[in-house]
Amino acid sequence: MIITVTLNPAVDEEYVVPEFRPGGWFRTSSTGRSPGGKGINVSLIMAQLGYTSAAMGFLAGFNGEYIRDVLRRKRITTNFVHVRGETRTNVYIVDEIGRVETGIAESGPYVPEGAASRFLVNYDRMLARAHLVVIGGSLPPGVPLDFYRELVLRAKSRDIPTIVDAA
């Protein structure tokens, strides 16, 4: 199984407008809403191609429930630690004519030390079934800066290759 780790997932909301200008008022020509985050995106693509994966990270609030529900409907195994607050939202405004995209990203919920420890317990359990780990995205507030390093070392100790995209 492939494990995807998205510690700071988001609900991506997209608004397409005919000609976006700062300070203007617009009606959308289309809208979209989907689970987002680098690891989650990998799981979604893999599901489209018929491969299984397990998505892990932290979720909070109604947005977190939405992400979990969409992933489960797509038959993606979920193993998230729930924290207080609300999973972040990323808003994308797409200028239909100029083909320019403007993005606004929230920082995400605070993750207390106990939640990070629970994540590591779940991660170790999931590694027993994994043959590849994909880690992507930003760290949420409260998670130690060396957390990705810890995840890579735990996978490496079991000879499980790991891909990290944390740009």
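The values are calculated or read from the model by the stated rules, or taken from the named source; none is laboratory data. These figures come from a predicted structure and were not determined experimentally. Cβ: placed from backbone, ideal geometry, glycine included. Neighbour counts: every protein chain shown.
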Contact list, first residue from the range 58-79 and over 14 Å from I3 (Cα atoms), second anywhere and assigned to a helix (DSSP H, G or I) and charged (D, E, K, R), beta-carbon distance below 8 Å, six or more apart or interchain, is L59/E65; L59/R68
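I'd like the full set of residues that are among the charged types (D, E, K, R) and more than 17 Å from the chain's Cα centre (by Cα), limited to the range 1-54. Quick ask: steps written out before the conclusion?
Within the range 1-54, the first condition is being among the charged types (D, E, K, R), and the residues that meet it are 12-14, 19, 21, 27, 33, 38.
Passing the criteria: E19, R21, R27.
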Scanning the range 137-167 for residues that are in contact with a Gly (Cβ under 8 Å, 6 or more places away or on another chain) and within 19 Å of V83 (Cα to Cα) gives G137, S138, P140, P141
Those strands (runs of 3 or more DSSP E) completely within the range 1-41 that have 3 or more residues that are under 19 Å from I93 (Cα atoms) and free of Cβ contacts under 8 Å to residues at least 24 places away in the same chain are 30-36
Scanning the range 90-102 residue by residue, the ones that are surrounded by 15 or more Cβ atoms within 10 Å (Cβ to Cβ) and either closer than 11 Å to E14 by Cβ or of a type in the set (A, V, I, L, M, F, W, C) (or both) total 5
Margin query: Among the residues in the range 107-128, are any in contact with a His (Cβ under 9 Å, 6 or more places away or on another chain) and small (G, A, S)?
Written below: yes
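Yes/no matrix, rows are residues, columns are (1) of a type in the set (S, T, N, Q); (2) crowded, with 17+ Cβ neighbours inside 10 Å; (3) at pLDDT 95 or above:
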{"position": "A10", "(1), (2), (3)": "no, yes, yes"}
{"position": "T31", "(1), (2), (3)": "yes, no, no"}
{"position": "G37", "(1), (2), (3)": "no, yes, yes"}
{"position": "I45", "(1), (2), (3)": "no, no, yes"}
{"position": "S53", "(1), (2), (3)": "yes, yes, yes"}
{"position": "M56", "(1), (2), (3)": "no, yes, yes"}
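So that you can scan it fast, the table gives a plain yes or no per residue for (1) under 19 Å from the mean Cα position of the chain (by Cα); (2) surrounded by 12 or more Cβ atoms within 10 Å (Cβ to Cβ); (3) without any contact (Cβ under 8 Å) to a residue 60 or more places away in the chain:
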{"site": "A116", "(1), (2), (3)": "yes, yes, yes"}
{"site": "L120", "(1), (2), (3)": "yes, yes, yes"}
{"site": "Y123", "(1), (2), (3)": "yes, yes, no"}
{"site": "R129", "(1), (2), (3)": "no, no, no"}
{"site": "L139", "(1), (2), (3)": "yes, yes, no"}
{"site": "G142", "(1), (2), (3)": "yes, yes, yes"}
{"site": "F147", "(1), (2), (3)": "yes, yes, no"}
{"site": "D159", "(1), (2), (3)": "no, no, yes"}
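Report yes if A105 is under 27 Å from T162 (Cα atoms), under 13 Å from the mean Cα position of the chain (by Cα), surrounded by fewer than 20 Cβ atoms within 10 Å (Cβ to Cβ) and of a type in the set (A, V, I, L, M), otherwise no. Break it down stepwise before answering.
Numbers: under 27 Å from T162 (Cα atoms): yes; under 13 Å from the mean Cα position of the chain (by Cα): yes; surrounded by fewer than 20 Cβ atoms within 10 Å (Cβ to Cβ): yes; of a type in the set (A, V, I, L, M): yes.
Spelling it out, A105 is indeed under 27 Å from T162 (Cα atoms), under 13 Å from the mean Cα position of the chain (by Cα), surrounded by fewer than 20 Cβ atoms within 10 Å (Cβ to Cβ) and of a type in the set (A, V, I, L, M).
Sort out which residues of the range 42-56 are hydrophobic (A, V, I, L, M, F, W, C) and either assigned to a loop (DSSP other than H, G, I, E, B) or over 17 Å from V134 (Cβ atoms) (or both), and write them in order of number. Talk me through it step by step, then tell me what you get.
Initial filter on the range 42-56 (hydrophobic (A, V, I, L, M, F, W, C)): 42, 44-47, 49, 54-56.
Selection gives L49 alone.
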